[in-house]
Amino acid sequence: MTLSRRELLSTFLGAPIAFAACRNGTMRRFPEGQIVGQSEALGHVLRENRTFEVPPDNWESKKVAIVGAGVAGLAAAWQLEREGFNDIVVLELEKTAGGTSLSSKGDPVGYPWAAHYLPVPFRENTELISLIEEMGLVEGRDAGGDIVVKEQYLCRDPEERVFYKGRWYDGLYLHVGESEDDKRQFVEFQRQIDHWVNWRDPAGRRAFVVPSVTCSNDAEVTALDKISFADWMHQHGLTSERLLWYCDYACRDDYGLKLDQTSAWAGLFYFCSRVRTSGVESQPFITFPEGNGRFVDHFLSRIGEHVRRSFMAVSIVPNDKGVDVICLNDGVVRGVHCEKIIFASPVFTAPYLIRGFRDDPPFAASEFQHNAWFVANLLLKDRPKQRFPKDFPMAWDNVLYESPSLGYVTATHQSGIDYGPTVLTYYYPMCHEEGGRTKLFNYEWRDLADVCLTDVARPHPDIYELTTRLDIMRWGHAMISPRPGFIHSGIREKAMKPYRNIHFAHTDLSGIALFEEAFYHGLRAAREVLTIETPRP
Amino acid sequence: MKSTPLLFLNVIIIATCGLIYELLAATVSSYVLGDSVTQFSLIIGVYLFAMGVGSYLSRFIDKNVAEKFVDIELAVAVIGGLSAPLLFLTFAYVSYFGMVLYTTVFIIGTLVGLEIPLLMRILQDKLDFKELVSRVLALDYVGALVASLLFPIFLVPQLGLNRTSLVFGMLNAGVGIWATWLLEPIISRRRLTILRVKGFVVIVVLTIALIKADSLTTLAEDGLFVDNIVYAKSSSYQRIVITRGRMGHSLFLNGNLQFSSFDEYRYHEALVHPAFAAYKGEPKRILVLGGGDGLALREILKYKSIESVDLVDLDPMMTELSRSLPALGELNQHSFNDPRVKVTNADAFVWLDRTDAEPFDIAIIDFPDPNNFALGKLYTTRFYNLLKPKLAPGAAVVVQCTSPLIARKSFWSVMKTLEASGFYVRPFQTTVPSFGIWGYALAKLEPFEIPQKPPPNIELRFLNDITFASMFEFSADTSKPSEELETNRLDNQALVRYYETEWRRVEQ
């Protein structure tokens, strides 16, 4: 793609930033780096409709095959193993397991490539709690029966800061320079959130809670899915620029969508689902330097022996005896006869993989839409200099108000390493553009590195000298998009039903991309596999 | 020759400049090396001797005396003017300091020694010998008086050492350039131009140095500290500034006073000895976290039973300075050279998490006050929980925890945090004039009685039986506040927020 630097930067960061960056002239020294991960080319093999013949010697048999070693697939395997059921195999297309909880090892600490925290679950979410207890993250229970997570795993204060007009401020919501009307609207917004936090349907269910299947399906709640979060704010007279920014940031952060692209149900879910009652702080975050990679490592420590990496399922063939999976493994075609499949890949891939799906689709897989992201990891030899004595110091999450990116997360923050080398993980959701995915894969490393460095250089002009390496991962299908009308369209319920011994398990089925949701669906599918009798000929 | 009286004015300026350089060198060396009597005596001796050498050498200058005089003025301007900044820069590398100091003093002295004999020879045709000697020498001594009055009253307090040095260098260069006009008739036209260009270059060099000198010890910094800055350097972790005033040396980290030499013994005796008094038996293994100035070490090493002291301080520049800077070494009694002391430069939080060191009998925790999040983490339940497995049975811990008078909530929040981490805590306080009322926590992992006396047979300047026991009493305005305080945790950093609010009240 031939694009001037100004066009490139305008596309990603907006005209003012691009203009400023191009005006102050010369291109700076770039660090080393490359595009890493994500076998996009491999994935596209599926679209070619090739036929694969498995040589007779390359067949094996397993009771259950799990397609996809993301959190849902790994959680399903973990659950099956816990139940003493270990005649399983997990097939992963990539060279590493983890899906969007991928991480890298590093020095002084590891760093994430996508998901990087988990809010402490409510006591009702017993299965997720059993995972974090098994990982040794829990210290005990408080008087109310809620778990107490060990201090070192709870996000260290300061959690967030925001860069606005050249200065850093405490927190995510921008309080500095607030007008009376801004303040009033912020209070009003909080009141609305509190209303939904305390709301219960006649059956006593919450409006918004994790896992989302336990949310109320009362018409008053599901109606929220029909409009965008932007419309909802407008209807409630919430027009304050900084409040809109705050909610837009929330949508971009959790869903990779803009305010007007996000369902109001999903927007409110973000704000309400982790607050027990109004007036109480939302649940603290569990986090690690390498983000949710820690959970992946834990799963692998339990079921790693069953995971086959670089095993791309290319065809899933339901038959009378069960299901066959045909895989491509480094150019070799292999097959697994199994009784059941847990399909833990993004739902949109089902028609490409499952033979017969297209002829008689149980649900419209194309309704499950994803957005694209790119994530950059900047390896720094030292910390950026604080420019103004009054600037709020480096936090865990460092957000840039004027940028369409999400800012960066500091990997060393949680481990208390406050000096010397660190890693910054920069997140950019491609929600500002039509056809973002296609465009993303047309950009080279240098283009995306330029975008990232130009953006981060605004608060940290010394970033060019400090960065020793900058690697980029492009996520073509990073997160399911909770557009208005998707979550409560009824399609998810259809997709949760088994289809010819194939059990779907993915966070897509919740309509929102969350570790907890992926975990839930993994365990649900594992239970279904264990309880539903396999039809025997 | 144009105006002879104006040449006599030059004599005063030359004499003033000459003495200023001498005073500067003596002051810098006494700041840096301590022992001002020795330093002043040595510098004056070397300087006067060098002037004698210069006067003697003047006999070898036969031709172009006026031109040589201007050259010498310009040389004095450069070397004298740059002397103080040069000495400050060299000071960072202490081992060369003496050599650079005396070489500089000798060169300046020699050049200054040449000035008056040459000037007298220039004037010898204008006046008779009797008149010449009387006027020139009289004015020379007047200049000395001017310098000795200006230096302590105006120059050091107002300009500081670096700027004084550079300003007088420029004055010297000014005399040189001015002389090219006064002596115009006896210098050839071509050489006159060369001399003026040289003079101009010297002025430019000194002006640039004057601007740059501000980055050495910034004007803002000079304004911040009452005393003269004798050392200022930014390490990777902090800004280290050492000042020297009538009350002795002071150390500042990021602008916050760490100790003042005239009363630091009060602070450090109170920090160290209660832990030893509370420990039953003979302590052998000691841990010091922070305390890179080595002053706590000095107190610790008074105990004969000690076999090892592990000191963990973040900043290698700080511990190296405490070892090699004579003024600090004298104060900490060269503790860093004691073979029992082992220094590790690391963030104590990270170190505790990773170390496989054997448990310690006593831990002395002497961090700067929790004025930022990186320091705040060193006062959290997580930190104290990391410390616990590193404590031997019966171990005693002392934590410095800011002023219970100014930062009452902060102080008691630390007590609460220690208790929440499973420690039994005995808060205590004392008065350190340069800090104010200062607070500490004495803690053990088992219940214990407040110790009543300092350990026997330890030489102490401050603590006696009465002051020791009284430290554990709190006045009404420093005692535990009735309101419920927060425990300081990694995920709330409550202490940093208390501290910021409480200290901001007094700092504005």
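The values are calculated or read from the model by the stated rules, or taken from the named source; none is laboratory data. Everything numeric here is computed off the predicted structure, so don't read it as measured data. For neighbour counting, all protein chains shown are included, and Cβ atoms are generated from backbone atoms with ideal geometry for every residue, glycine included. These area figures cover heavy atoms from the full protein model, side chains too; ligands, DNA and RNA do not enter into them. Shrake-Rupley method; radii C 1.70, N 1.55, O 1.52, S 1.80 Å.
When the residues of region B:356-377 are narrowed to those that are touching a Pro at 6+ places or on another chain (Cβ under 8 Å) and more than 14 Å from chain A (Cβ to nearest Cβ), which ends up surrounded by the fewest Cβ atoms within 10 Å (Cβ to Cβ)?
B:Pro359
What is the number of the single condition among (1) touching a helix residue (DSSP H, G or I) at 6+ places or on another chain (Cβ under 6 Å); (2) part of a helix (DSSP H, G or I); (3) modelled with pLDDT of 95 or more that A:Gly73 does not meet?
(1)
Being assigned to a strand (DSSP E or B), within 14 Å of chain B (Cβ to nearest Cβ), touching a residue at least 12 places away in the same chain (Cβ under 8 Å) and open to solvent by less than 10 Å² (accessible area, probe 1.4 Å) narrows it down to one of A:Asn377, A:Asn398, so name that one.
A:Asn398 is the lone residue from the list that is assigned to a strand (DSSP E or B), within 14 Å of chain B (Cβ to nearest Cβ), touching a residue at least 12 places away in the same chain (Cβ under 8 Å) and open to solvent by less than 10 Å² (accessible area, probe 1.4 Å).
Has region B:90-97 got any residue that is free of Cβ contacts under 8 Å to residues at least 60 places away in the same chain, surrounded by fewer than 24 Cβ atoms within 10 Å (Cβ to Cβ) and not in a helix (DSSP H, G or I)?
Yes: one or more hits.
Answer yes or no as to whether A:Trp265 is buried (at least 19 other Cβ atoms within 10 Å of the Cβ) and without any contact (Cβ under 8 Å) to a residue 40 or more places away in the chain.
The answer is no for A:Trp265.
Scan region B:281-296 and give yes if some residue there is over 20 Å from B:Leu352 (Cα atoms) and of a type in the set (Lys, Arg), otherwise no.
There is no residue in region B:281-296 that is over 20 Å from B:Leu352 (Cα atoms) and of a type in the set (Lys, Arg).
When you scan region B:296-310, do you find a residue that is among the hydrophobic types (A, V, I, L, M, F, W, C), surrounded by 20 or more Cβ atoms within 10 Å (Cβ to Cβ) and within 20 Å of the chain's Cα centre (by Cα), even just one?
Within region B:296-310, one or more residues are among the hydrophobic types (A, V, I, L, M, F, W, C), surrounded by 20 or more Cβ atoms within 10 Å (Cβ to Cβ) and within 20 Å of the chain's Cα centre (by Cα).
Can you name the residue in region B:98-138 that is of a type in the set (Lys, Arg) and modelled with pLDDT of 85 or more and, of all such residues, is surrounded by the fewest Cβ atoms within 10 Å (Cβ to Cβ)?
Looking at residues that are of a type in the set (Lys, Arg) and modelled with pLDDT of 85 or more, I get B:Lys130.
Output the number of the condition that B:Ser55 fails; it satisfies all remaining conditions of (1) open to solvent by 20 Å² or more (accessible area, probe 1.4 Å); (2) more than 16 Å from B:Ile108 (Cβ to Cβ); (3) of a type in the set (Ser, Thr, Tyr).
Checking B:Ser55 against (1) open to solvent by 20 Å² or more (accessible area, probe 1.4 Å); (2) more than 16 Å from B:Ile108 (Cβ to Cβ); (3) of a type in the set (Ser, Thr, Tyr), the one that fails is (2).
List the number of the failed condition for B:Asn345; all other conditions in (1) modelled with pLDDT of 95 or more; (2) within 17 Å of B:Ser421 (Cα to Cα); (3) not aliphatic (A, V, I, L, M) hold.
The one condition B:Asn345 does not meet is (2).
Given the criterion more than 22 Å from the chain's Cα centre (by Cα), assigned by TED's automatic domain parsing to the domain that holds A:Phe343 and at pLDDT below 90, identify the matching residue among A:Leu46, A:Leu80.
It is A:Leu46.
State all residues of region A:80-99 that are assigned to a helix (DSSP H, G or I) and surrounded by 24 or more Cβ atoms within 10 Å (Cβ to Cβ); if no residue qualifies, say none.
Answer for region A:80-99, where residues must be assigned to a helix (DSSP H, G or I) and surrounded by 24 or more Cβ atoms within 10 Å (Cβ to Cβ): A:Leu80, A:Gly99.
When you scan region A:136-186 for strands (runs of 3 or more DSSP E) that lie fully inside it, which ones turn up with 2 or more residues that are more than 14 Å from chain B (Cβ to nearest Cβ) and touching a residue at least 60 places away in the same chain (Cβ under 8 Å)?
Filter on region A:136-186 gives A:160-164, A:167-170.
Okay, residues lined up against (1) exposed (fewer than 15 other Cβ atoms within 10 Å of the Cβ); (2) over 30 Å from A:Leu244 (Cβ atoms); (3) at pLDDT 95 or above:
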| residue | (1), (2), (3) |
| --- | --- |
| A:Glu134 | yes, yes, yes |
| A:Leu137 | no, yes, yes |
| A:Ala143 | yes, yes, no |
| A:Tyr153 | no, yes, yes |
| A:Arg156 | no, no, yes |
| A:Phe163 | no, no, yes |
| A:Tyr173 | no, no, yes |
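Considering only residues that are more than 14 Å from every other protein chain (Cβ to nearest Cβ) and of a type in the set (Gly, Ala, Ser), look in region A:412-461 and name the one that is nearest to B:Asp315 (Cα to Cα).
In this case the residue turns out to be A:Ala457.
Looking at (1) part of a strand (DSSP E or B); (2) open to solvent by less than 10 Å² (accessible area, probe 1.4 Å); (3) at pLDDT below 95, find the lone condition where A:His477 falls short.
(2)
Here are the criteria: (1) more than 30 Å from A:Lys62 (Cα to Cα); (2) outside any strand (DSSP E or B). Tell me which single one A:Leu523 does not satisfy.
Against the list (1) more than 30 Å from A:Lys62 (Cα to Cα); (2) outside any strand (DSSP E or B), A:Leu523 comes up short only on (1).
Just need a number here: residues in region A:263-290 that are more than 19 Å from A:Ile512 (Cα to Cα) and either assigned to a helix (DSSP H, G or I) or not polar (S, T, N, Q) (or both).
9
Looking at B:Pro451, B:Pro456, which is the one that is assigned to a loop (DSSP other than H, G, I, E, B), of a type outside the set (A, V, I, L, M, F, W, C), out of contact with any Asp or Glu (no Cβ under 8 Å at 6 or more places or on another chain) and at pLDDT below 95?
B:Pro456
Would you check which residues across region A:281-302 are surrounded by fewer than 24 Cβ atoms within 10 Å (Cβ to Cβ), more than 14 Å from every other protein chain (Cβ to nearest Cβ) and more than 15 Å from the chain's Cα centre (by Cα) and list them?
Listed by number, the residues that qualify are A:Asp297, A:His298, A:Leu300, A:Ser301, A:Arg302.
Being within 23 Å of B:Lys377 (Cβ to Cβ), in a helix (DSSP H, G or I), in contact (Cβ under 8 Å) with a residue 24 or more places away in the chain and touching a Ser or Thr at 6+ places or on another chain (Cβ under 9 Å), is that true of even one residue in region A:402-418?
Yes, region A:402-418 contains at least one residue that is within 23 Å of B:Lys377 (Cβ to Cβ), in a helix (DSSP H, G or I), in contact (Cβ under 8 Å) with a residue 24 or more places away in the chain and touching a Ser or Thr at 6+ places or on another chain (Cβ under 9 Å).
Every residue, every condition in (1) among the hydroxyl-bearing types (Ser, Thr, Tyr); (2) touching a His at 6+ places or on another chain (Cβ under 7 Å); (3) under 14 Å from A:Gln192 (Cβ atoms), yes or no:
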site: A:Leu224; (1), (2), (3): no, no, yes
site: A:Ser240; (1), (2), (3): yes, no, yes
site: A:Phe271; (1), (2), (3): no, no, yes
site: A:Val307; (1), (2), (3): no, no, no
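May I ask you to list the residues in region B:315-354 that are open to solvent by less than 40 Å² (accessible area, probe 1.4 Å) and within 14 Å of chain A (Cβ to nearest Cβ)?
B:Asp315, B:Met318, B:Ala346, B:Asp347, B:Ala348, B:Phe349, B:Val350, B:Trp351, B:Leu352
Answer yes or no as to whether B:Thr380 is within 14 Å of chain A (Cβ to nearest Cβ) and under 32 Å from the mean Cα position of the chain (by Cα).
Against the criterion (within 14 Å of chain A (Cβ to nearest Cβ) and under 32 Å from the mean Cα position of the chain (by Cα)), B:Thr380 qualifies.
Hey, can you tell me all the residues within region B:453-478 that are free of Cβ contacts under 8 Å to residues at least 24 places away in the same chain and not charged (D, E, K, R)?
Passing the criteria: B:Pro456, B:Asn457, B:Asn464, B:Ile466, B:Ala469, B:Ser470, B:Ser475, B:Ala476.
If you scan region B:243-273, which residues turn out to be within 13 Å of the chain's Cα centre (by Cα) and of a type outside the set (S, T, N, Q)?
Once the filter is applied, which keeps residues that are within 13 Å of the chain's Cα centre (by Cα) and of a type outside the set (S, T, N, Q), region B:243-273 yields B:Arg244, B:Gly245, B:Arg246, B:Met247, B:Gly248, B:His249, B:Leu251, B:Phe252, B:Leu253, B:Gly255, B:Leu257, B:Phe259.
Kindly check whether there is at least one residue in region B:131-147 that is free of Cβ contacts under 8 Å to residues at least 12 places away in the same chain, over 16 Å from B:Leu7 (Cα atoms) and assigned to a helix (DSSP H, G or I).
yes
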